[in-house]
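The structure appears below as structure tokens.
The values are calculated or read from the model by the stated rules, or taken from the named source; none is laboratory data. Values in this document were obtained by computation on a predicted structure and should not be read as measured data. Every residue, glycine as well, gets a Cβ built from its backbone with ideal geometry; the counts of neighbours run over all protein chains shown. The protein model used for the area step is the full one, side chains on, heavy atoms only, and it has no ligands, DNA or RNA in it. Shrake-Rupley method; radii C 1.70, N 1.55, O 1.52, S 1.80 Å.
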Amino acid sequence: MKSYRKELWFDTTKRRQLINITPEIDTCLQESGIKEGMVLVNAMHITASVFINDDESGLHNDYEKWLEKLAPEKPYSQYQHNGYEDNADAHLKRTIMGREVVVAITDGKLDFGPWERIFYGEFDGKRRKRVLVKIIGE
Ligand code: ZN
């Protein structure tokens, strides 16, 4: 069995941002040389997510509105976590949107459904954060 590991770094300009990282994961897969197996992609920070959905800007705006209803950023004082920080909402948003995804690799390709794409979801940005890519197979 072959194994491949890489860290991808992100430094968003906004507090919240959704980034399609499918091309980067594809590049990792090509570098790995693995044709049959699994790829795990996970955020290495507890205020960011990795998830799979449609690359459609309307939907991304809907996510922003929906997450702000569930866990509004402000007022900061509404959260007990915000004693020393202001990012309680980002922790909650990350929990809803998930930590990681696993995608099957078949014939050297990501074995997606028709509209599936992998996204990095940043909820407390403007600083460098990592995503782990781990690929196993042969
Ligand atoms: Zn925090």
Within straight cross-link reach of K2, meaning Cα distance under 19 Å, which aspartates and glutamates are found once same-chain residues fewer than 8 apart are removed? D26, E31, E36, D107, D111, E138
Accessible area (Å², per residue) of the chain, counting only protein heavy atoms and a probe of 1.4 Å: 56
Please give the direction-averaged projected area of the C-alpha convex hull for the range 2-137, in square nanometres with one decimal. 8.3
Net charge, T106 excluded, C-beta distance under 12 Å - Lys, Arg +1, Asp, Glu -1: -1
Whole-Å distance linking the alpha carbon centroid of the range 1-61 with that of the range 106-138 is 2
Over the chain, what is the relative contact order in percent, taking alpha-carbon pairs closer than 8 angstrom and at least six residues apart? 55
Scoring only Lys, Arg, Asp and Glu (+1, +1, -1, -1) among other residues with Cβ under 14 Å from the Cβ of S77 yields -3
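When the accessible area of the chain is split by element with a 1.4 Å probe, what percent falls to carbon and sulfur? Display every interim value, and only then the final one.
Working: 4000 of 7760 Å².
For the chain, the apolar C and S fraction of the accessible surface comes to 52 percent.
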When we measure straight from the Cα of K74, which lysines land under 21 angstrom away, once same-chain ones fewer than 8 places off are left out? K14, K65, K93, K126
